[in-house]
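Let me give you the structure first, and then I'll get to my questions.
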Ligand code: NOJ
């Protein structure tokens, strides 16, 4: 996992857990408390990296009109909302996560009028547009920062995190050992102001001072601005790191099992981020963001606005806190504990999915396997059963009780394609960390629409901002539409099933919890036929039998709803045969 160098990453924590399984009655009790339904419950949210989705004007970079031209594709796939990574004006040092104006569109993506049309066209297809709100930092080219850096007395002097540093042997040094997630000290000396400023990410991304009420107000105004333009919600970037400990105390170093300080890909001593991440003050801001969202209605979207958090936290208890004690904070803090286990271990998946079902106060979990910061789903592959594993991951995502977040290209099986030479790297963390850290280009390559020039992403002959992966000849939308066994058709069927079969709106209970080869679960909604889902986590065929009498189901008759290609229809629930990494989904008759 590239994007979780925060002390111990979630993936590392996941394997440390002792696996326990809850009794059926404990699961039942918790799942009866599920909250009233919102539009995002059971929804499919599709993340678009706008640079890479569809180029309409032939400059090699995707744009809003390109996205607009693909809305019917998304509608047919079954997408309820698209999340656009930042499309605001930006120097593009971090490809949009360095914003220089929160109320406009970067000309390379289009105009505000294009945005308005996109929002309307999407809404006509019942698709919401979720904006990426970057609250932790701005670009150093934002006028707020330019003003703040201009003197120690200007009106915005206190909008960022400034500090004199300390004198050591007559030399000025940063105030502490905090490091940037993107390498080097998190403090940058500003020669004009003669002070350091704090930046969690690149030097060009100074952190805002969230202890300043003016900063808060400015950002809540931005939130309202986009609601009035029709946003269906926000994905809140780096939301857990808005605050830094005012004591500015050093962060403890992370040590390996021999007690040696760990050194990260950039050569820095790894710190545990205890003074810069997950501070309790964040919850106060989440409440206010939520109040602003709930009290601002606009007919353009016309429904509630969803708040999604980028929340890489290490435990279910920490995740639960982000919904707020009265469910008055985030609607959907991203649950990275299931999707980023990064190892096909059925017991760990069982534990993590059960926790999401039982330990989130009945709130909807948001599962995600892929995004623009981490290697794609193929990180789970054993090298031989690529497609089978891809199908299985999709089954876990779409057959669970969750809001499902997917990343463009997952549905056709696009794979991570990192650059092979340093001179080709575009993501600055890849340039700085090469070769240990190759950056995030590999998961940001252009969408593969067909097997023609530039894979249909851009006009023929245009140099695309990142190269098109070689496998576009077979891994592309056009060819996969025609192949009944393609990944695209599997995704379509999975999503259609999730939406049409009422069992998928009901509770989720793990079955056969001592079986560590097969992960299986039951979906059950009141008064509706139950559905069994089984996933073979091994490269060997498996046979599994189910006794569902604990759930009041005494029949062993089952009707196949969906199965991996080549799987037999079982004669009864007593004997379900699964191929290597095979999936079986059946309705209990
Ligand atoms: C998280 C975003 O997903 C990532 O792409 C970005 O670099 C950092 N936040 C900084 O905004």
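Bear in mind that the values in this text are calculations on the coordinates, not laboratory data. Predicted model only: the values in this text are computed from it and were never measured. Because the Cβ atoms are built from the backbone with ideal geometry, glycine has one as well, and the counts that use them run over all protein chains shown.
Could you tell me how many degrees, from 0 to 90 and to the nearest 10, lie between the Cα long axis of helix 112-124 and the main elongation axis, the longest principal axis, of the Cα atoms of the chain?
Between helix and principal axis, roughly 20 degrees.
Also, quick follow-up: Run the simple label-point estimate for residue 143 and residue 423 please: 7 Å along Cα→C-beta, distance reported in nm.
Rounded to a tenth, the inter-label distance reads 4.2 nm.
Tell me what the chain gives for mean residue ellipticity at 222 nm when only DSSP H runs of n ≥ 4 count, each as -39,500 (n - 2.57), the sum divided by the residue total, rounded to 500 deg cm²/dmol. Write out the running numbers ahead of the final one.
Working: 15 runs with 142 residues, N = 589.
That comes out to -7000 deg cm²/dmol.
Further, regarding this structure: Would the range 143-198 count as rounded, prolate or oblate if I go by the C-alpha gyration tensor, calling it rounded below 1.5 in a/c and otherwise prolate when a/b exceeds b/c, oblate otherwise?
oblate
Moving to a separate point now. Give me Rg over Rh for the range 172-287, both radii from the alpha carbons and Rh done the Kirkwood way, two decimal places. Don't skip to the end; give the middle numbers.
Working: Rg = 16.5 Å, Rh = 16.1 Å.
Radius of gyration over Kirkwood radius for the range 172-287 works out to 1.03.
Quickly rank 109-118, 485-494, 234-243 as a protection proxy: mean count of other C-beta atoms within 10 Å, highest first. Working shown, then result.
Working: 109-118: 17.7, 485-494: 19.8, 234-243: 23.8.
Those peptides, ordered most packed to least, come out 234-243, 485-494, 109-118.
Taking only the alpha-carbon atoms of the chain, what semi-axes of the equivalent ellipsoid follow from 5 times the gyration tensor eigenvalues under a square root, in whole Å, largest first? Please report the intermediate quantities before stating the final value.
Values: eigenvalues 315, 147, 117 Å².
Computed over the chain, the values are 40, 27, 24 Å.
For the residue pair residue 124 and residue 103, what label-to-label distance in nm results when each label sits 7 Å from Cα along the Cα-to-beta-carbon direction?
2.9
Next up: Pairs of alpha-carbon atoms within less than 8 angstrom and 6+ residues apart define the contacts here; what relative contact order does the chain have, in percent?
Values: 1273 pairs, mean separation 84.8, N = 589.
Averaging sequence separation for qualifying contacts and normalising by length gives 14 percent for the chain.
Using a/c under 1.5 as the rounded threshold, could you call the range 458-572 rounded, prolate or oblate? The axes a ≥ b ≥ c are square roots of the C-alpha gyration tensor eigenvalues, and prolate needs a/b larger than b/c, oblate otherwise. Spell out each step's value before the answer.
Working: a/c = 2.73, a/b = 2.17, b/c = 1.25.
Prolate.
Which log10 I(q)/I(0) values does the range 332-454 give at q = 0.17, 0.19, 0.21 Å⁻¹ under the Debye formula, counting every alpha carbon as one identical point scatterer?
-0.94, -1.08, -1.20
Sort 168, 254 so that the residue with the fewest other Cβ atoms within 10 Å of its own Cβ comes first and the one with the most comes last.
168, 254
Give the separation of the Cα centroids, the range 225-244 to the range 294-315, in Å.
8
Compute the relative contact order of the range 319-460 as a whole-number percentage, counting only Cα pairs closer than 8 Å that sit 6 or more residues apart in sequence.
On the way: 178 pairs, mean separation 26.2, N = 142.
Reported as a whole number, the value is 18 percent.
Between residue 483 and residue 575, what length in nm is gained on full extension when 0.36 nm per residue of separation is reduced by their alpha carbon distance?
Values: separation 92, 0.36 × 92 = 33.12 nm, distance 2.95 nm.
In short, 30.2 nm is gained.
I want to check the label-to-label distance for residue 550 and residue 225. Put each point 7 Å from Cα in the C-beta direction and report it in nm to one decimal.
A separation of 5.4 nm, rounded to one decimal place.
Something else now. Can you tell me the order of 445-454, 346-355 when each peptide is scored by its average per-residue count of other Cβ atoms within 10 angstrom, highest first? Don't skip to the end; give the middle numbers.
Details: 445-454: 20.5, 346-355: 22.2.
So the order, starting with the most tightly packed, is 346-355, 445-454.
Measure nothing but the geometry: give the 0 to 90° angle between the long axis through the Cα atoms of 213-228 and the longest principal axis through the Cα atoms of the chain, rounded to 10°.
50
For the range 117-244, what mean projected area does the convex hull of the alpha carbons give, in nm²? Mind showing how you got there, number by number?
Numbers: hull surface 36.9 nm².
Taking the Cα atoms of the range 117-244, their convex hull projects to 9.2 nm² on average.
Hey, another quick one. May I ask you to order 510-523, 555-568, 404-417 by the average number of other C-beta atoms within 10 Å around their residues, highest value first?
Put in order of decreasing packing, that is 404-417, 510-523, 555-568.
Report, for the chain, the % of DSSP beta bridges that are antiparallel, rounded to 5. Working shown, then result.
Numbers: 39 of 67 bridges.
Percent antiparallel among DSSP bridges in the chain is about 60.
Decide, for the range 403-477, between rounded, prolate and oblate: order the square roots of the alpha carbon gyration tensor eigenvalues as a ≥ b ≥ c, take rounded if a/c falls under 1.5, and otherwise choose prolate if a/b is larger than b/c, else oblate. Write out the running numbers ahead of the final one.
Values: a/c = 2.34, a/b = 1.35, b/c = 1.73.
Oblate is the answer for the range 403-477, as a/c is 1.5 or above yet b/c matches or exceeds a/b.
In addition: Hey, with R₀ at 35 Å, roughly what FRET efficiency would residue 516 and residue 169 work out to, going by the Cβ-Cβ distance, to 0.05?
On the way: r = 57 Å, r/R0 = 1.64.
Efficiency for this residue pair is about 0.05.
Let me ask something else. Using the Cα atoms of the range 239-321 to build a convex hull, what is its mean projected area in square nanometres? Intermediate values should be presented prior to the final figure.
Numbers: hull surface 32.8 nm².
Reported value for the Cα convex hull: 8.2 nm².
Also: Stretched out fully, how many nm does the piece from residue 496 to residue 256 gain, at 0.36 nm a residue minus the Cα gap? Spell out each step's value before the answer.
On the way: separation 240, 0.36 × 240 = 86.40 nm, distance 4.61 nm.
Gain on extension, residue 496 to residue 256, equals 81.8 nm.
Another question about this same structure. Got a sec? How would 312, 266 order by Cβ neighbour count within 10 Å, fewest to most? Could the numbers behind the result be given before it?
Working: 312 24, 266 18.
Placing the least packed residue first, the sequence is 266, 312.
So if R0 is 35 Å, what FRET efficiency would residue 560 and residue 288 give, r being the distance between their Cβ atoms, rounded to the nearest 0.05? Could the numbers behind the result be given before it?
Working: r = 49 Å, r/R0 = 1.41.
So the FRET efficiency works out to roughly 0.10.
Going by C-beta contacts inside 10 Å, put 268, 277 in order with the fewest on the left.
Numbers: 268 18, 277 21.
Ordered by Cβ neighbours within 10 Å, fewest first: 268, 277.
Same structure again: Round to a whole angstrom and tell me the spacing of the C-alpha centers of the range 363-391 and the range 50-89.
The range 363-391 and the range 50-89 have Cα centres separated by 22 Å.
I would also like to ask the following. Taking 0.36 nm per residue of separation and subtracting the Cα-Cα distance, what length does fully extending residue 463 through residue 328 add?
Numbers: separation 135, 0.36 × 135 = 48.60 nm, distance 4.68 nm.
This chain segment gains 43.9 nm when fully extended.
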